[in-house]
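*Asks:* Dropping a structure here in structure tokens format, bear with me for questions.
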Amino acid sequence: MMQNKQILLDNVDKIHTTKMGFYRIKKNLKLDTDDVVGYCKNKVLDKKCSIYKQGKNWYCETDGIKITINSYTYTIITAHKLK
């Protein structure tokens with residue numbers, strides 16, 4: 001079932017990551033910035049971002065990347081380039 005993505009958008013300020021998540025996301029996406037969370041938030045807020053919920057996670061797909069966010073804690077678990 002498609003959950004209301006507005007829930008994630010309304011709570012975008014709560015999005016964060018762990019130290020491990022920070023390094024994993026930065027490496028996976030080959031980011032030059034240390035503002036990994038800001039980068040991911042901008043992708044989530046992008047009008048063309050496809051947001052859907054499966055199980056306990058939100059998935060956000062845009063610009064050839066997929067971001068996984070825990071729906072309870074708003075922790076960015078990982079992000080990677082789509083094949």
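The values are calculated or read from the model by the stated rules, or taken from the named source; none is laboratory data. All figures in this text were calculated on a predicted structure; none of them were measured in a lab. We place every Cβ from the backbone using ideal geometry, glycine too, and count neighbours over all the protein chains shown. SASA here: full protein model, heavy atoms, side chains in, ligands and nucleic acids out. Shrake-Rupley method; radii C 1.70, N 1.55, O 1.52, S 1.80 Å.
*Asks:* What is the gain in length, in nm to one decimal, between S71 and F22 on full extension, counting 0.36 nm per residue of separation less the C-alpha to C-alpha distance?
*Replies:* Numbers: separation 49, 0.36 × 49 = 17.64 nm, distance 1.78 nm.
Result: 15.9 nm gained on full extension.
*Asks:* Turning to a different aspect of this structure: Per residue and in Å³, how big is the convex hull formed by the alpha-carbon atoms of segment 34-82?
*Replies:* Numbers: hull volume 3.6 nm³, N = 49.
Looking at segment 34-82, the number lands at 74 Å³ per residue.
*Asks:* Moving on to the next point. Per the Cauchy relation, a quarter of the hull surface: what is the mean projected area of the convex hull of the alpha carbons in the chain, in nm²? Walk me through the numbers on the way to the answer.
*Replies:* Working: hull surface 20.8 nm².
Mean projected area of the Cα convex hull: 5.2 nm².
*Asks:* Moving on. Find the accessible area per residue for the chain; the probe is 1.4 Å, ligands and nucleic acids are left out, and the unit is Å².
*Replies:* I get 62 Å² per residue for the chain.
*Asks:* Charges only on Cβ, +1 for Lys and Arg, -1 for Asp and Glu: so what's the dipole of the chain about the Cα centre, in debye to the nearest 20? Display every interim value, and only then the final one.
*Replies:* Numbers: 16 positive and 8 negative charges, 67 e Å.
I would put it at about 320 debye.
*Asks:* Determine the gain in length on full extension of the stretch L31-K83; use 0.36 nm per residue of separation and subtract their C-alpha separation, reporting nm with one decimal.
*Replies:* Values: separation 52, 0.36 × 52 = 18.72 nm, distance 1.74 nm.
Computed gain between L31 and K83 is 17.0 nm.
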